[in-house]
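First the structure, in the form of structure tokens, and then the observations on it.
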Amino acid sequence: MVAPNRQSMLASPQKPPRQKQPGKKNSRLCAMPSAGRSGAGLSLAVGLGLLALAGQWAYHQRASLYARIPLARLVLDAACRPLNCRIAPWQNIHAVEIESSEFLKNPDESYALHVALRNSSLHPVAMPALELSLLDADQQLVVRRVIAVDPAVPSPPVLPPRGQWHVDATVDVRLPADLAQRDISGYRLTVFYP
């Protein structure tokens, strides 16, 4: 009798390699997703992300779009109704120009302010606030006052395209005790949106 080889006893019996049968797919390849499905899902996700980004941009630019694109008004009105959002007038400070201004001292120690604003754009813009800075002889700031929506200075909420607005108002300037000795000899007027 032939003694079994120790090495052959420890080795496991080898199976013959499996033969591929024609018409039968390899099961490992079927478990992987197809390129068409993952590509379509990725395209859908990217498309939805871009749509959401465009919607967010339109929401934040709604006043500008509403003023500049007449056809957008219908879409924005319909979109804002369920979202309960408000379309405020477009705040385009670059379109608002101070056409003329004058600041004079009245005999009763009050001051008269005369201002003319002009909208240089082709679209309506929101009425800005005015900032009046009073200066001394050295052009140093003495006092600053913001003139926004004030009953003493009535203003429309919107400046029409190429429209103007004139105001003549009396401005009461009360200087603090430590500044009372300084004479007001100049002023600076700027427009801004609060």
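Here's how it looks for residue 125: its modeled amide H is under 5 Å from those of 159, which are all 5 or more places away or on a different chain. Other residues with beta-carbon under 12 Å from the beta-carbon of residue 76 carry, at +1 per Lys or Arg and -1 per Asp or Glu, a net charge of +4. Taking the centroid of alpha carbons for each part, the stretch 109-131 and the stretch 58-93 are 24 Å apart.
If you take all other residues with their beta carbon under 9 Å from the beta carbon of residue 115, and give Lys and Arg +1 and Asp and Glu -1, the sum is -3. Database remark: amide H of residue 99 closer than 5 angstrom to the amide H of 116, 117, 118 (H placed geometrically; neighbours at sequence offset of 5 or more, or on other chains; Pro and chain starts carry no H). Sorting the segments 155-163, 107-115, 59-67 by their residues' average number of neighbouring beta-carbon atoms within 10 angstrom, most packed first, yields 59-67, 155-163, 107-115.
So what's the net charge close to residue 131: Lys and Arg +1, Asp and Glu -1, counting the other residues with Cβ under 12 Å from its Cβ? Neighbourhood net charge equals +3.
Just so you know, all these numbers are worked out from the coordinates, no wet-lab data involved. Please read these numbers as outputs of a predicted model, since none were measured by experiment. Using ideal geometry, Cβ is built from the backbone for each residue, glycine included, and neighbour counts are taken over all protein chains shown.
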